[in-house]
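First up is the structure itself, then whatever we jot down about it.
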Amino acid sequence: MNKLLLGVIAMAIIVVASNILVQYPIGQWLTWGAFSYPFAFLVSELVNRFHGASAARRVVYAGFAIGLVCSVIGTQIVGEFGPLVTLRIAIGSGLAFLTGQLVDVALFDKLRRTAWWRAPFLSSMLGSSIDTMLFFTLAFSSAFIWLEPGNDVSWAAAHVPLLGFGPEVPLWVSLGLADFCVKFAVDLIALMPFRVAIAKYANKIA
């Protein structure tokens, strides 16, 4: 368990920081949380590389539990437009994190003996894609209004040009696409510290 402590601490810092930073927007499509959250994949992948898939899943479960605590706290904090965390956001966030991370862990494990970049890049991309689609669909799509009928998310269904210049789509689609683009960029950047880590601790590679 001591071997996992650093991974659990790192995951906890990222999850807590992302839950705070998501409250601060950047421009029209993003929040600061979009830039911190993707590093959760780097943490689980490093644990996966050094200690195996089972250990990585335990770190993911710890992050999921911490995220639930953050969601419960967020439901008790009332902002200008109501609670900072609604039921739909809590459900979407929790399911997206858990599903995306576990898919990442499984694919990384299958690819661990291929080229060094393939496992972290492809698993992060698939995990991030699933994470983004699940969260924004569950949290804001009108198809899931039954999850929380009293929560008015009609603003997210308003049709606007995609990212301000494309065809008209629901606002939440633009928000999701912008979020995924950041995840893609961060996943590419995260390959550098991943490479440094496995080079420095090559004797620990599974």
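Structural remarks
- So ILE198, is it assigned to a helix (DSSP H, G or I), of a type in the set (Val, Ile, Thr) and open to solvent by 50 Å² or more (accessible area, probe 1.4 Å): no
- Of all residues in region 117-127 being more than 16 Å from the chain's Cα centre (by Cα) and part of a helix (DSSP H, G or I), the one that is surrounded by the fewest Cβ atoms within 10 Å (Cβ to Cβ): ARG118
- Unmet criterion (only one of (1) farther than 20 Å from LEU111 by Cα; (2) in contact with a helix residue (DSSP H, G or I) (Cβ under 9 Å, 6 or more places away or on another chain); (3) without any contact (Cβ under 8 Å) to a residue 60 or more places away in the chain) for GLN23: (3)
- Given (1) in contact with a Lys or Arg (Cβ under 8 Å, 6 or more places away or on another chain); (2) within 23 Å of ILE9 (Cβ to Cβ), index of the condition TRP116 fails: (2)
- Hey, VAL60 open to solvent by less than 50 Å² (accessible area, probe 1.4 Å) and either under 25 Å from ASN151 (Cβ atoms) or in contact with a helix residue (DSSP H, G or I) (Cβ under 9 Å, 6 or more places away or on another chain) (or both) or not: yes
- From GLY33, GLY94, GLY7, residue being over 22 Å from PHE184 (Cβ atoms) and free of Cβ contacts under 8 Å to residues at least 40 places away in the same chain: GLY94
- Residue within region 95-116 that is out of contact with any strand residue (DSSP E or B) (no Cβ under 7 Å at 6 or more places or on another chain), modelled with pLDDT under 95, part of a loop (DSSP other than H, G, I, E, B) and open to solvent by less than 30 Å² (accessible area, probe 1.4 Å) present: yes
- Evaluating THR114 against the criteria (1) of a type outside the set (D, E, K, R); (2) touching a residue at least 12 places away in the same chain (Cβ under 8 Å); (3) out of contact with any helix residue (DSSP H, G or I) (no Cβ under 6 Å at 6 or more places or on another chain) leaves one unmet condition, (2).
- Residue satisfying all of: in region 138-158; open to solvent by less than 40 Å² (accessible area, probe 1.4 Å) and more than 16 Å from VAL85 (Cβ to Cβ); modelled with the highest pLDDT among these: SER141
- Residue match in region 75-93 (condition: more than 24 Å from VAL173 (Cβ to Cβ), surrounded by 16 or more Cβ atoms within 10 Å (Cβ to Cβ) and not β-branched (Val, Ile, Thr)): no
- Complete set of residues in region 11-34 that are assigned to a helix (DSSP H, G or I) and either closer than 15 Å to ALA90 by Cβ or open to solvent by less than 80 Å² (accessible area, probe 1.4 Å) (or both): MET11, ALA12, ILE14, VAL15, VAL16, ALA17, SER18, ASN19, LEU21, GLY33, ALA34
- Listed conditions (1) within 23 Å of SER44 (Cβ to Cβ); (2) more than 22 Å from the chain's Cα centre (by Cα) are all met by TRP146, apart from (1).
- Which numbered condition VAL43 misses (of (1) at pLDDT 95 or above; (2) surrounded by fewer than 19 Cβ atoms within 10 Å (Cβ to Cβ)): (2)
The values are calculated or read from the model by the stated rules, or taken from the named source; none is laboratory data. Bear in mind the structure is a predicted one, so any value in this text is a computation, not a measurement. Here Cβ is always computed from backbone atoms with ideal geometry, including for glycine, and neighbour counts include all displayed protein chains. What goes into the accessible areas is simple: the full protein's heavy atoms, side chains included, and nothing from ligands, DNA or RNA. Shrake-Rupley method; radii C 1.70, N 1.55, O 1.52, S 1.80 Å.
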